[in-house]
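S.K.: Could you have a look at this structure, given as structure tokens, before my questions?
The values are calculated or read from the model by the stated rules, or taken from the named source; none is laboratory data. Just so we're clear, the structure is a prediction, and the values are computed from it rather than from any experiment. Quick reminder, even Gly has a Cβ in these numbers, built from the backbone with ideal geometry, and neighbours come from all protein chains shown. SASA here: full protein model, heavy atoms, side chains in, ligands and nucleic acids out. Shrake-Rupley method; radii C 1.70, N 1.55, O 1.52, S 1.80 Å.
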Amino acid sequence: MASSPDAAVIDLATKPKDHLTALPSELLHLVFDYVFPTHIEDIAFLQEDVLVRLKKTPHDLEKLAMTCHSLRDELDAWARHWVISHAEIARYKPLKNQKKESSRLMLRAKHCIFCGKYCSRSAILSNGFRCCTKCDLKHWPDKITKTQAKEEFNLRDHQLLPQQHSPVLVKHGANKFPRLRYGTCMTSNIRTTMFLREDVRRLAEAIHGDVEAHMAAQRRAADARKRKMEANAEKKRQMDVEWMRLIAQSTY
Ligand SMILES: [Zn+2]
């Protein structure tokens, strides 16, 4: 006999199911792998007090581990496997109490995630990880600034970052173009927004179609505007010269 809608509601209210701890370890560890990298896109534009608050906020995996012993044990096992498999770059030395591995992993923020060198900078496009400049260039090559993206691909701010300019429209799915991944950093004391050139090119193709043809048309139009401005300036100069000549004639 089919159960009534009321029965389903009663079941959910009186018998809550913990679907997460019911997952096998392999699946849970995949979830941890996915949650582990973190990224705050506009970090370079945040106020100092907000940054301090963020640094004090526990990682989502730490919050998860606090919910029950079962998830804490799973997280410890996952973290132990992670540091052992990255032992060379993570400079792994087993702790006496292996159950503390997960805490240690979350606090591990002093070495490049790729080469293990001590470094204080973060990866621009995944700033939850420490990453040296060399590895950042290697693993996220061909990054460009927002200014370069606008000039090279004739894009506007609202096309590159619609979520900042039209958040309501984006929330309601009005933006049909792909959302760009980006990061922010300080470059020579200037807050800079960085994209991957290939991501920007794909967006430009979605908006303009053939990017090379579009940019060639833009250059031709710019050349035509420049020629017209120069012709107008020359015409004005000649009129000024003629005017001065007439003034001189009338004076003598
Ligand atoms: Zn490195």
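S.K.: Can you tell me which of (1) under 18 Å from Ile40 (Cα atoms); (2) open to solvent by less than 40 Å² (accessible area, probe 1.4 Å); (3) modelled with pLDDT of 90 or more is the one Ala149 doesn't meet?
M.R.: (1)
S.K.: Quick check on the stretch 71-87. Is at least one of its residues surrounded by 12 or more Cβ atoms within 10 Å (Cβ to Cβ), farther than 30 Å from Lys117 by Cα and at pLDDT 85 or above? Outline the logic, then answer.
M.R.: The first filter runs over the stretch 71-87 and keeps only residues surrounded by 12 or more Cβ atoms within 10 Å (Cβ to Cβ), leaving 71-84, 86-87.
Cutting the leftovers down to farther than 30 Å from Lys117 by Cα gives us 71.
Still in the list and also at pLDDT 85 or above: 71.
Yes, that holds for at least one residue.
S.K.: Just the residues that are among the polar types (S, T, N, Q) and within 18 Å of Ile207 (Cα to Cα), please, taken from the stretch 148-170.
M.R.: Gln148, Asn154, Gln159, Gln163, Ser166 - these are the residues of the stretch 148-170 that are among the polar types (S, T, N, Q) and within 18 Å of Ile207 (Cα to Cα).
S.K.: Separate question: Regarding the stretch 196-219, can at least one residue be identified that is in a strand (DSSP E or B) and closer than 30 Å to Ile43 by Cβ? First the steps, then the outcome.
M.R.: Kept after step one, since they are in a strand (DSSP E or B), are these residues of the stretch 196-219: 196.
Within this subset, residues satisfying the condition of being closer than 30 Å to Ile43 by Cβ are 196.
There is at least one residue in the stretch 196-219 that is in a strand (DSSP E or B) and closer than 30 Å to Ile43 by Cβ.
S.K.: Which ones in the stretch 110-132 are in a loop (DSSP other than H, G, I, E, B), open to solvent by 60 Å² or more (accessible area, probe 1.4 Å) and more than 7 Å from the ligand (Cβ to nearest atom)?
M.R.: Lys110, Ser120, Arg121
S.K.: On to the next question. Going through the stretch 142-201 one residue at a time, which ones are among the acidic types (Asp, Glu) and under 17 Å from Ile124 (Cβ atoms)?
M.R.: Once the filter is applied, which keeps residues that are among the acidic types (Asp, Glu) and under 17 Å from Ile124 (Cβ atoms), the stretch 142-201 yields Asp142, Glu198, Asp199.
S.K.: Somewhere in the stretch 139-147, is a residue more than 25 Å from Ala204 (Cα to Cα) and more than 8 Å from the ligand (Cβ to nearest atom)?
M.R.: No: the stretch 139-147 contains no residue that is more than 25 Å from Ala204 (Cα to Cα) and more than 8 Å from the ligand (Cβ to nearest atom).
Conditions (1) touching a Gly at 6+ places or on another chain (Cβ under 8 Å); (2) part of a loop (DSSP other than H, G, I, E, B); (3) open to solvent by 70 Å² or more (accessible area, probe 1.4 Å), marked per residue:
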{"site": "Asp18", "(1), (2), (3)": "no, yes, yes"}
{"site": "Asp33", "(1), (2), (3)": "no, no, yes"}
{"site": "Val52", "(1), (2), (3)": "no, no, no"}
{"site": "Pro58", "(1), (2), (3)": "no, yes, no"}
{"site": "Glu62", "(1), (2), (3)": "no, no, no"}
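S.K.: With the structure loaded, tell me whether Glu205 is over 15 Å from the mean Cα position of the chain (by Cα), surrounded by 13 or more Cβ atoms within 10 Å (Cβ to Cβ) and among the acidic types (Asp, Glu) or whether it fails that test.
M.R.: Spelling it out, Glu205 is indeed over 15 Å from the mean Cα position of the chain (by Cα), surrounded by 13 or more Cβ atoms within 10 Å (Cβ to Cβ) and among the acidic types (Asp, Glu).
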